[in-house]
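FYI, it's all coordinate maths here, none of it is from the lab. Model, not experiment: these values are computed from the prediction. Neighbour counts are summed over all protein chains in view; Cβ atoms, including those assigned to glycine, are modelled from backbone coordinates with ideal geometry.
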């Protein structure tokens, strides 16, 4: 039962910070109907946090911390459903350049972050 609580709490915190990321992007005047900067930023930051925790601190996190941070927080902070919707909207707008950039940046940089952290821990 405690496992569910840790995921719930981490997910709530991640979701609140994801919402805050969107507000920050708007406040900075970087909000755009053309390119989903807030989603890209939160997804890459979630990848960075997940990679750091998984590859730099693998033996330092107990099960409740893994559930809170890796499953809850990173799951709530990253936004695959929003990513998918925004890409669909770019398709409808025929914004092929922005669509390509978003796909390449989100997927490429996300995987690159995982690779960098995983590589730096291997012997």
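Find the relative contact order for the range 2-121 and round it to a whole percent, using C-alpha pairs within less than 8 Å whose residues are 6+ positions apart.
41
In terms of surrounding Cβ atoms within a 10 Å radius of their Cβ, 5, 50 rank from fewest to most as 5, 50.
Label-to-label distance, residue 52 versus residue 93, with points set 7 angstrom from Cα along the beta-carbon direction: 3.1 nm.
What ranking do 1, 114 get, fewest neighbouring Cβ atoms within 10 angstrom at the top?
Fewest-to-most Cβ neighbours within 10 Å comes out as 1, 114.
Only residues of the range 60-82 count here: report those whose backbone N is under 20 Å from the spot 7 Å along Cα→Cβ of residue 1, or say none. Only 63-65, 67-68 pass the distance filter. Once you reduce the range 1-64 and the range 94-116 to the center of their Cα atoms, the two points are 17 Å from each other. Helix 37-51 against the longest principal axis of the chain: what's the angle in degrees, Cα atoms only, rounded to the nearest 10? Between the helix axis and the principal axis of the chain, the angle is about 20 degrees.
Highest mean packing first, where packing is the average number of other Cβ atoms within 10 Å per residue, the peptides 100-111, 73-84 line up as 73-84, 100-111.
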